[in-house]
Amino acid sequence: MKAILAMDPHRVIGYKGRIPWHYSEDFKWFKATTMGGNLLMGRSTYESIGKPLPGRYTYILTTDSAKILLPPGTLSAYVDEKLINDMSPEMQNKTWLCGGAKVYKHFLPKCDEVYVTHIMEDFEGDTFMPEFEHMFPNAQILKETSDFWIVKYSK
């Protein structure tokens, strides 16, 4: 499994249920990187997006599936930790952990790689990325812009 996220210098990943920045180049990179894969996210993250993202199967982690209203015909599923533990290696390799903070904290140890967009600007936030760097000692810069860097961390 891999994780993908964006955070500011103070580890902010969200504010009031939303991503507090908008960098279209980063959103395009996220789309291209995850296209054809599986997205694994918590209920709050799913609700902040508002709909399943095209070209990817969405798995929603929740303790109460009744809280999520899915549009008819969407390709989404509710999962629990047992399903994740039982995923085949091939399935895990195609799965992207993509939020929120509780999901990252719990499932990052199961990941082999973490792709982080490091936003250069400070933003107000109420949701923060847990520390993970100690689990992924290898870092490779994939892209640098004046607004952000994309770094691949691996074990």
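Annotations for the structure displayed:
- Considering the conditions (1) within 25 Å of residue 92 (Cβ to Cβ); (2) of a type outside the set (Gly, Ala, Ser); (3) in contact (Cβ under 8 Å) with a residue 12 or more places away in the chain, residue 134 is excluded by exactly one of them, (3).
- Residues of the range 89-104 that are β-branched (Val, Ile, Thr) and assigned to a strand (DSSP E or B): 95 alone.
- Count of the range 125-155 residues, restricted to those that are among the charged types (D, E, K, R), part of a strand (DSSP E or B) and closer than 16 Å to residue 98 by Cα, is 1.
- Scanning the range 1-29 for residues that are buried (at least 19 other Cβ atoms within 10 Å of the Cβ) and more than 22 Å from residue 126 (Cα to Cα) gives 1, 2, 29.
- Scanning the range 13-61 for residues that are of a type outside the set (Phe, Trp, Tyr), touching a residue at least 60 places away in the same chain (Cβ under 8 Å) and part of a helix (DSSP H, G or I) gives 25, 26, 33, 34.
- The requirement of being touching a Gly at 6+ places or on another chain (Cβ under 7 Å), under 24 Å from residue 60 (Cα atoms) and at pLDDT 95 or above is fulfilled somewhere in the range 118-125, by at least one residue.
- Scanning the range 30-41 for residues that are surrounded by 17 or more Cβ atoms within 10 Å (Cβ to Cβ) and of a type in the set (Ser, Thr, Tyr) returns a single hit, 34.
- One residue stands out among those in the range 61-90 that are surrounded by 15 or more Cβ atoms within 10 Å (Cβ to Cβ) and at pLDDT 70 or above: the one that is nearest to residue 6 (Cα to Cα), which is 61.
The values are calculated or read from the model by the stated rules, or taken from the named source; none is laboratory data. Just so it is clear, the model here is predicted, and its values are computed rather than measured. Cβ sites come from the backbone with ideal geometry, for glycine too, and all protein chains shown count toward neighbours.
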